[in-house]
Amino acid sequence: MKLSRIAALTLAASISLPVAAESIAVVNGVSIDKSELDAAVANVVQSNGGKVQDSPELREQLKNSLVSRQLILQEATRRGLDKQPAFVKRMDEARAELLRDSLFADIAEKANVGDAQIKARYDEMAAQVSGSKEVHAYQITLGSEADAQKAIAQLKKGAKFEELVKTRSIDPNAKQSGGDMNWGNLSRMEPKLAEALKAIPKGQVSGAPYQSQLGWHVFKVTDVRNAQIPPLDAVKPQIARQLQEEAIAKAVEDLRAKSKIQ
């Protein structure tokens with residue numbers, strides 16, 4: 001069966017034209033596109049880890065939310081709230097932040113951080129800790145040198161370090177953490193702290209208190225080991241981000257160097 005000339009032309013035109021946007025609602029003449037609803041549904045599904053699935057009920061609920069949002073925007077605009085100085089200022093600030101983030105994302109993308117750069121930085125990190133030691137230490141933080149000396153004296157007489165952490169430490173997190181400082185690399189610590197910890201044999205406590213900005217500390221070293229570095233795959237994302245941040249910082253410095261700042 002042959003198509004009529006008019007039918008053929010109509011079919012050809014419908015094929016060549018782009019697909020029109022599909023509207024799910026029109027609010028006072030303003031159309032809400034289906035793509036907005038699709039994006040809202042995808043966001044809900046993703047943010048709930050798949051526990052919430054796409055469904056007619058969810059779409060109806062989100063459609064109503066989009067309609068309400070459009071009504072609110074229209075009313076706020078009708079009242080001229082978008083022209084108020086405070087609102088304009090906030091919009092300018094938001095725009096500035098978005099532009100900054102967009103620039104940083106663009107710089108990070110164009111930095112082209114690849115596996116070779118990541119591996120090179122990883123090797124640098126490994127070389128820095130090679131041959132160094134790590135200690136696992138606990139601490140009692142006290143308010144004065146005299147209190148720290150009393151704690152050391154109690155420990156020498158047989159007091160339990162763990163008990164003194166709970167009863168004497170001024171660290172607000174001490175009761176939960178037990179004074180645990182976790183593993184620390186001596187070569188990457190503040191030199192005086194590293195010297196103090198290095199002087200304590202495994203399983204022993206401080207012979208003298210150590211002063212910091214937080215107070216006076218009595219340490220117990222529970223273990224010592226050769227420095228370790230996580231496998232490359234475990235730290236690859238962090239190294240990539242570090243390299244990107246360095247590229248961003250360099251780009252900003254270059255901008256400052258090329259600009260006239262008075």
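The values are calculated or read from the model by the stated rules, or taken from the named source; none is laboratory data. If you're wondering where the values come from, they're calculated on a predicted model, not measured in any experiment. Every residue, glycine as well, gets a Cβ built from its backbone with ideal geometry; the counts of neighbours run over all protein chains shown. These area figures cover heavy atoms from the full protein model, side chains too; ligands, DNA and RNA do not enter into them. Shrake-Rupley method; radii C 1.70, N 1.55, O 1.52, S 1.80 Å.
Quick notes on this structure:
- Pick from segment 212-246, criterion surrounded by 16 or more Cβ atoms within 10 Å (Cβ to Cβ) and among the small types (Gly, Ala, Ser), ranking: farthest from ALA151 (Cα to Cα): ALA240
- Residue that is within 31 Å of the chain's Cα centre (by Cα) and under 22 Å from LYS133 (Cβ atoms), where the choices are SER206, SER212, SER177: SER212
- Selection of segment 128-180 for residues being over 19 Å from LEU197 (Cβ atoms), touching a residue at least 60 places away in the same chain (Cβ under 8 Å) and exposed (fewer than 14 other Cβ atoms within 10 Å of the Cβ) yields SER130, GLY143, SER144.
- In segment 1-82, counting only helices (runs of 4 or more DSSP H) that sit wholly within it, the ones holding 1 or more residues that are of a type in the set (A, V, I, L, M, F, W, C) and modelled with pLDDT under 90 span 5-16.
- Here ALA105 fulfils each of the conditions (1) more than 27 Å from VAL235 (Cα to Cα); (2) under 21 Å from the mean Cα position of the chain (by Cα) apart from (1).
Yes/no matrix, rows are residues, columns are (1) in contact with a Pro (Cβ under 9 Å, 6 or more places away or on another chain); (2) over 30 Å from PRO209 (Cβ atoms):
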position	(1), (2)
LYS110	no, yes
VAL113	no, yes
ARG121	no, yes
ALA126	no, yes
ILE140	no, no
ALA148	yes, no
LYS157	no, no
LYS160	no, no
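- Candidates are the residues of segment 181-197 that are part of a helix (DSSP H, G or I) and loosely packed, with under 14 Cβ neighbours inside 10 Å; the one that is modelled with the lowest pLDDT is ARG188.
- Check on ARG256, charged (D, E, K, R) and part of a strand (DSSP E or B): no
- Residues in segment 63-109 that are among the basic types (Lys, Arg) and free of Cβ contacts under 8 Å to residues at least 12 places away in the same chain were compared, and the one that is nearest to ARG241 (Cα to Cα) is ARG100.
- Apart from one condition, ILE200 fits all of (1) open to solvent by less than 50 Å² (accessible area, probe 1.4 Å); (2) touching a helix residue (DSSP H, G or I) at 6+ places or on another chain (Cβ under 9 Å); the exception is (2).
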